[in-house]
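The values are calculated or read from the model by the stated rules, or taken from the named source; none is laboratory data. This structure is a prediction, so every number in the text was calculated from the model and none was measured. Note that each Cβ is placed from the backbone with ideal geometry, even for glycine, and that neighbours are counted across all protein chains shown.
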Amino acid sequence: MKKLILALVAATAVIGSAQAAQPGPYVGVGIANADHSASIPGTSASSSDGYKSSGKIFGGYEFDQTFGVEVGYTDFRSSDYSYTLNGVNRTGSSDGKSYYVAGKASVPVNEQFSVFGKLGAANNKRNYSDSLLSGDESKTELYAGVGAQYNFNPKVAVTLEYERYGKNQNIGAKSDVITLGAKYSF
C-alpha cells in the first residue's frame with residue numbers, strides 16, 4: 001500500500017511539473033475588446049459604437065521561463081460615429097489596426113499559473129471619414145501590457161491581459177484593450 005501511495009505522489013509531482021510553460025516558439029489567437037468612440041473637439045452630442053470585439057494574432061519565442069519576445073497584429077474593426085457641429089448632425093466611420101513587437105517578462109506563480117508584462121513598440125494605423133472630416137494616421141508609439149497565463153498542459157494555455165497601444169485617439173478604437181487569448185507552444 002505504501003508503494004502505491006508513493007507511486008501516486010511521484011506521478012502527481014511529475015505531471016504537475018510538466019504543466020509549466022516550456023521555452024521555445026509559440027503562436028496564439030485572441031479576442032481584443034476596445035471602446036470605439038469619437039470625441040471631436042468643438043462638437044457636441046457625439047455617439048459611437050461603444051465596446052467592440054476584434055481579432056488578434058500573435059507569436060513569439062520564450063528564451064526561458066522568465067524572458068521572451070512577442071509580435072502581434074490586432075484588427076480593431078470598423079466603427080461608426082455621429083456628432084453635431086454648428087447644429088448640423090454628421091455621421092462617419094473609422095477603421096484601425098496595430099502591429100507590435102515587445103519584450104516579455106513572466107513570473108511563475110505555480111506550475112500552471114504565471115503573470116507577465118510586455119513592453120515594446122506598436123505601429124498604429126487608423127483611418128476615418130465622414131462628410132466633413134477624413135484622414136489617415138500612422139504612428140509608432142509605446143506598447144505595454146500586463147496579464148496572466150494559465151497552462152492546461154505544456155503546449156496549450158489561455159491568457160488574459162490588459163494592453164495599451166500608445167496614446168488615445170479622438171476617433172475610433174481607444175488604446176486601452178482587454179484581450180482573452182489561446183496560446184499553443186511548440
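Of 119, 85, all but one fail to be hydrophobic (A, V, I, L, M, F, W, C), over 18 Å from residue 183 (Cβ atoms) and either touching a His at 6+ places or on another chain (Cβ under 9 Å) or exposed (fewer than 15 other Cβ atoms within 10 Å of the Cβ) (or both); the exception is 119.
Kindly indicate whether residue 75 is free of Cβ contacts under 8 Å to residues at least 40 places away in the same chain, closer than 19 Å to residue 182 by Cβ and of a type in the set (D, E, K, R). Judged against the criteria, residue 75 is a match.
Among residues that are loosely packed, with under 14 Cβ neighbours inside 10 Å, over 18 Å from residue 58 (Cβ atoms) and either at pLDDT 90 or above or not aliphatic (A, V, I, L, M) (or both), residue 167 is included. Counting only strands (runs of 3 or more DSSP E) that sit wholly inside the range 67-185, those with at least 2 residues that are over 17 Å from residue 30 (Cα atoms) and small (Gly, Ala, Ser) are 67-85, 88-108, 113-130, 134-151.
Contact map, the range 79-90: first residue closer than 15 Å to residue 128 by Cβ, second residue among the charged types (D, E, K, R), Cβ cut-off under 6 Å, separation 6 or more or different chains; pairs are 79/49; 80/49; 83/90; 90/130.
Taking the criterion of being free of Cβ contacts under 8 Å to residues at least 60 places away in the same chain and within 30 Å of residue 152 (Cβ to Cβ), the residues of the range 114-133 that qualify are 115, 116, 117, 118, 119, 120, 122.
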